[in-house]
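The values are calculated or read from the model by the stated rules, or taken from the named source; none is laboratory data. It should be emphasised that the depicted structure is a prediction, and the values quoted were computed from it without experimental measurement. For neighbour counting, all protein chains shown are included, and Cβ atoms are generated from backbone atoms with ideal geometry for every residue, glycine included. In case anyone asks, the SASA skips ligands and DNA or RNA and just uses the protein heavy atoms, side chains included. Shrake-Rupley method; radii C 1.70, N 1.55, O 1.52, S 1.80 Å.
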Amino acid sequence: MNKTKIICISGMIMALYIVAMLLTTGFAFGAYQVRIATALYALPYVFPFLVLPLALANAISNMTGPLGMLDVIGGFFVGVVTAGGVFLLKKFMLPRWLIIPMIIVAPALIVPIWLSYILNMPYFALVVNIAVGQTTPAIMGYFLTFAVERMKKHEFKSFGWRE
């Protein structure tokens, strides 16, 4: 895939992430975080180049949230760890279903580091809350990889795209 296609796909996914976060802001920030946009963290399983764009999209979307600059920086870090972890699952040929715990566990363990400070709540309570909130997006992301992989194989050929 050439650089132009990579940039186009990266931009579209970043825009999709940011729009999804804007549309779900009411339940995407705070102690319980149901971030539907984090389902997109599964995409580096199909498109490895999306690790940094997804992390950047998370940081940008956190600028619109109520939690401040600490959440912006932390969001970028969580994006790199989570999307990078998904990429590593594919690279080391680990089972695809591990996408689900990756998208649940990485944010659940990392986000409370600063969120407990900002919200003045216990770390472990936030770990549980965020893990619960990440469950739905993690399952969605798992199934998203099948759909995108299928589309990549079939639809891209109709556009004349080659790997």
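To one decimal place, what Kirkwood hydrodynamic radius in Å is obtained for the stretch 75-125 from all pairs of distinct Cα atoms?
On the way: mean 1/r = 0.0850 Å⁻¹.
Taking every pair of different Cα atoms in the stretch 75-125, averaging 1/r and inverting gives 11.8 Å.
Probe of 1.4 angstrom, ligands and nucleic acids ignored: what's the accessible area per residue over the stretch 32-163, in square angstrom? Numbers along the way, then the final one.
Values: 6640 Å² over 132 residues.
Accessible area per residue, the stretch 32-163: 50 Å².
Please check: in the Gaussian network model of the chain (C-alpha springs, under 10 Å), which one of 123, 17, 142 has the largest mean-square fluctuation.
123
Choose one answer from 140, 93, 14: the residue with the largest mean-square fluctuation in a GNM of the chain with alpha-carbon springs under 10 Å.
Its mean-square fluctuation being the largest, the pick is 93.
Taking 0.36 nm per intervening residue step and subtracting the Cα-Cα distance, what contour gain separates residue 146 from residue 5 on full extension?
Details: separation 141, 0.36 × 141 = 50.76 nm, distance 2.05 nm.
Length difference between fully extended and current span is 48.7 nm.
Which length gain, in nm to one decimal place, applies between residue 32 and residue 96 when the Cα-Cα distance is subtracted from 0.36 nm times their residue separation?
On the way: separation 64, 0.36 × 64 = 23.04 nm, distance 2.62 nm.
The residue 32-residue 96 span can extend by a further 20.4 nm.
Points 7 angstrom from Cα along the Cβ direction at residue 123 and residue 52: gap in nanometres?
Going by the 7 Å Cα→Cβ label model, 3.1 nm.
Charges only on Cβ, +1 for Lys and Arg, -1 for Asp and Glu: so what's the dipole of the chain about the Cα centre, in debye to the nearest 20? Display every interim value, and only then the final one.
Numbers: 11 positive and 4 negative charges, 128 e Å.
Here the size comes out at about 620 debye.
Which of 136, 53, 23 sits farthest toward the positive end of the charge dipole of the chain, with +1 on the Cβ of Lys and Arg and -1 on the Cβ of Asp and Glu?
Farthest towards the positive pole: 53.
Would you please classify the overall shape of the stretch 46-139 from the alpha carbon gyration tensor, given that a ≥ b ≥ c denote the square roots of the eigenvalues, rounded means a/c under 1.5, and beyond that prolate means a/b larger than b/c while oblate covers the rest?
Numbers: a/c = 2.49, a/b = 1.42, b/c = 1.76.
Oblate.
Per residue Cα convex hull volume for the chain, in cubic angstrom?
Numbers: hull volume 16.3 nm³, N = 163.
Spread over its residues, the Cα hull of the chain gives 100 Å³ apiece.
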